[in-house]
Amino acid sequence: MTQQDFTLPDHQAELLEGFPADPHKRQNSSHVGNNTNPKHFTRWDERYVKLAGHIASWSKDTAQVGCVIVNPTLRRVVAFSFNGFPANIPDHVSLLQQRENKKKKLAQIIHAEQNTLLYAGREARGCHAYVVGRPVCNSCAILLIQAGIERVVAAPPLPIPEKPDDEWVERGRLALTLFNKAGVGFSPIAQKLLDEVFEDYNLDRPTAVESAPVCC
Ligand SMILES: [Zn+2]
């Protein structure tokens, strides 16, 4: 039996350059996996933030939110989704954008993070979650922690001068406290990048007038 040559042709080898077959080496060379500095943003972080912004634009809700869950070791998107009514519930724009009974509508919405975690399943463990549209709320934080997400990249909850006791800002703050206690990394998205993404995808902006950021 003659020895077969498994050497890759040059054009294929070039494609794999920088992507070591050894998973340990792969982990060490990850673009985002070794990012332990919460304020440090890699080029890939920026790309995933922009991707989450694009996905947010698919939501028909008044508050458009997108979430992307990424495996930092494999550098692969595991799942992505946006907020809206659950599957098989009519989601006509008029139903999602009604302002008369906002509370009732909100009670029927699945948040982008929740939706994405359901798609990711067990693969969410050890992943990073990118959220664009609204700060992460406490309900989503609980699920992200429990699913084994190691790092969250999102906008921090900002105080609304006109509404110092806003419920969603409080829930956003609680989310950060939970991440901190659970040892989940949190990287705030710079306002400049957020502004760029909101503009590029024409996303609705949480304003003080509308206020009550409809959560994530
Ligand atoms: Zn939420």
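Here, each number is a calculation from the coordinates, and none is a lab measurement. All of these numbers come straight from a predicted model, not from anything done at the bench. Methodologically, a virtual Cβ is constructed for each residue, glycine included, from the backbone with ideal geometry; neighbour enumeration extends over all protein chains shown.
Return TYR119, TYR48, TYR130 ranked ascending by Cβ neighbour count within 10 Å, so the fewest neighbours appear first.
Working: TYR119 14, TYR48 23, TYR130 30.
Fewest-to-most ranking of TYR119, TYR48, TYR130: TYR119, TYR48, TYR130.
Too long at a 26 Å Cα-Cα cut-off: which of LYS103/LYS181; LYS105/LYS163; LYS50/LYS102; LYS60/LYS104?
LYS103/LYS181; LYS50/LYS102
Extending 7 Å from the Cα toward the beta-carbon at both TYR119 and HIS40 defines two label points whose distance is 3.0 nm. Extension gain, TRP58-LYS103: 0.36 nm per intervening residue step, less the Cα-Cα distance, totals 14.0 nm.
Across the range 46-60, the residues whose backbone nitrogen lies under 15 Å from the label position 7 Å along the beta-carbon direction of ILE89 are 60. Taking other C-beta atoms within 10 angstrom as a stand-in for reagent exposure, LYS104, LYS163 fall in the order LYS104, LYS163, fewest first. Across the range 120-134, the residues whose backbone nitrogen lies under 15 Å from the label position 7 Å along the beta-carbon direction of LEU158 are 132-134. Its residues counted as N, the range 37-200 yields a C-alpha radius of gyration over 2.2 N^0.38 Å of 0.99.
Averaging sequence separations of C-alpha pairs under 8 Å and six or more residues apart, then dividing by the length of the range 89-211, give the relative contact order as a whole percent. Don't skip to the answer; put the middle values down first.
On the way: 136 pairs, mean separation 28.9, N = 123.
The normalised contact order for the range 89-211 reaches 24 percent.
Of TRP58, TRP44, the sequence from fewest to most neighbouring Cβ atoms within 10 angstrom is TRP58, TRP44.
Restricting the count to DSSP beta bridges whose residues both fall in the range 66-198, what percent are antiparallel, rounded to a multiple of 5?
Numbers: 13 of 20 bridges.
The antiparallel fraction comes to roughly 65 percent.
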